[in-house]
Amino acid sequence: MTNKILIVAGDGIGPEVMGQVERVIGWYSDKRGFDVEIDRDLVGGCCYDAHGVAVTDATIEKALAADAVFLGAVGGPKWDNVPYEGRPEAGLLRLRKDLELFANLRPALCFGALADASSLKREIVEGLDIMIVRELTGGVYFGEPKIIEDLGNGERRGIDTQVYTTSEIRRIASVAFELARKRDNRVMSVEKRNVMKSGVLWYEEVIKLHKEQYSDVKLEHMLADNCAMQLVRNPKQFDVIVTDNLFGDVLSDIASMLTGSLGMLPSASLGAKDASGKAKAMYEPVHGSAPDIAGTGAANPIASVLSFAMALRYTFDRGACSDLLEKAVDSVLANGLRTGDIMQAGMKKVGTVEMGDAILAELNRLNG
Ligand code: NAD
């Protein structure tokens, strides 16, 4: 079956890094029988310039029909003063909302060659490979009531509400269990059941789902504050961490920064599975459009390339192809090639296209 990919490269360095992803996709199509049909469209500031909106209905339709959407980055100073509804981020948010992407996946992968760039000691982070699964559409960021009220006595009260339902917890937990089966088969469920009712419910529902459908996966539980501490103390103890929107926001930033630069960090957002078992998916680097280096050919394409590696594993079910791509990136770094953002003394500085060339050369070498 032909795999359908929609590429929305966006603004700034988005098109530059996605150009290298397209070359890698082309390699998999030629050399590993990855049957693919690519469509390209506009989202963000470039779409606003062309159509007066940050994403069009037609693009949303294409995104809904695709097996995976690949986004570069959106935004930049050029669009700082456009009307609020037309701002570049609105395109990204609408894609996430219309595709109902409730699960945010942020891996933290530490390549040996970059271990010294971490703020932690090499032995703590070298070989690190963990995945944080964050619930993205519920919890305290969306729960009602969400207000600031005037108490009339010179006091005001700000209220946010943490709410989770059984089905919201079960669907994010099942994403985590399924991911674990494609990795080291271990899930750490994280909440604060010691002080939060939603945490008690989270804990109970995860255990129930595990018993019913995923008893082959090793499940453990940890309080969120302890998890933050353990991520810094001994991050390699984790495989998949599943947690709510608020804790996930904080823990995924801690985990990702264990590994060094923004230019290295991929991400994915997944929706519910349809009748054929396929989940809607959008893959994107964590970084933004980097207007300060856009157009200079200096952007690091690795975060975007690793987002494609995630898609190979989690959407296209090609774990071996994904391993190969991660290995190719690892070898390129071990050979001493660096873009400016990850430059270290004694290494060779290269631009976006040269980094793409090097990744393709390593893919060819490793493929034999
Ligand atoms: P940014 O991630 O674009 O850049 C932060 C710094 O990291 C810059 O110095 C940049 O040059 C560097 N950097 C980022 N990615 C890099 C890469 N691949 N290679 C080399 N260096 C890289 O964040 P920012 O400067 O805060 O935001 C710039 C614009 O991007 C803003 O308009 C913001 O709204 C937007 N943004 C978009 C997204 C997204 O599309 N998902 C995410 C964050 C920010």
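Any read-out appearing in this document is the output of simple, stated calculations on the displayed coordinates, not a laboratory observation. Treat the numbers as computed from the prediction; the structure is a model and nothing was measured. Positions of Cβ are generated from backbone atoms using ideal geometry, with glycine treated the same way; all protein chains shown enter the neighbour counts.
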Work out the length of the dipole vector of the stretch 129-258 about its Cα centre, built from +1 on the beta-carbon of each Lys and Arg and -1 on the beta-carbon of each Asp and Glu, and round it to the nearest 20 debye. 400
Show which aspartates and glutamates lie in cross-link reach of residue 349 when reach means a straight Cα distance below 13 angstrom and same-chain residues fewer than eight apart are skipped. 341
Whichever aspartates and glutamates have a C-alpha closer than 18 Å to that of residue 273, once near sequence neighbours (fewer than 8 apart) are set aside: 61, 67, 98, 100, 135, 168, 178, 317
Report the FRET efficiency, 1/(1 + (r/R0)^6), for residue 232 and residue 170, where r is their Cβ-Cβ distance and R0 is 51 Å, rounded to 0.05. 0.95
Given the options 187, 163, 286, which has the most mean-square fluctuation in a GNM of the chain, springs set between C-alpha atoms less than 10 angstrom apart? 163
Order the peptides 208-219, 3-14 from the highest to the lowest mean number of other Cβ atoms within 10 Å of their residues. 3-14, 208-219
Antiparallel %, DSSP beta bridges [both residues in the chain], to 5: 40
Projected area averaged over all directions for the convex hull of the alpha carbon atoms of the stretch 262-329, nm², comes out at 5.2
Ratio of alpha-carbon Rg to the 2.2 N^0.38 Å globular estimate for the chain, to two decimals, please. 1.00
With a Förster distance of 45 angstrom and the Cβ-Cβ distance between residue 146 and residue 36, calculated FRET efficiency to the nearest 0.05 equals 0.60
Cross-link table 31/62; 31/278; 62/211; 121/348; 78/236, entries beyond 31 Å C-alpha to C-alpha: 62/211; 78/236
Per-residue [θ]222 nm for the chain (sum of -39500 (n - 2.57) over DSSP H runs n ≥ 4, rounded to 500): -13000 deg cm²/dmol
Euclidean distance between Cα centres, the stretch 121-138 to the stretch 214-231, Å: 12
Rounded to the nearest 20 debye, what is the charge dipole size of the chain about its Cα centre when +1 sits on each Lys and Arg Cβ and -1 on each Asp and Glu Cβ? 820
By how many nm would the segment from residue 335 to residue 181 grow when fully extended, if each residue of separation counts as 0.36 nm and the alpha-carbon distance is taken off? 52.2 nm
Binned Cα-Cα distances of the stretch 67-150, short to long, each 10 Å bin given as a whole percent: 13, 25, 28, 26, 7, 0
Dimensions (Å) - the stretch 129-258, Cα atoms, principal axes, largest first: 56, 34, 23
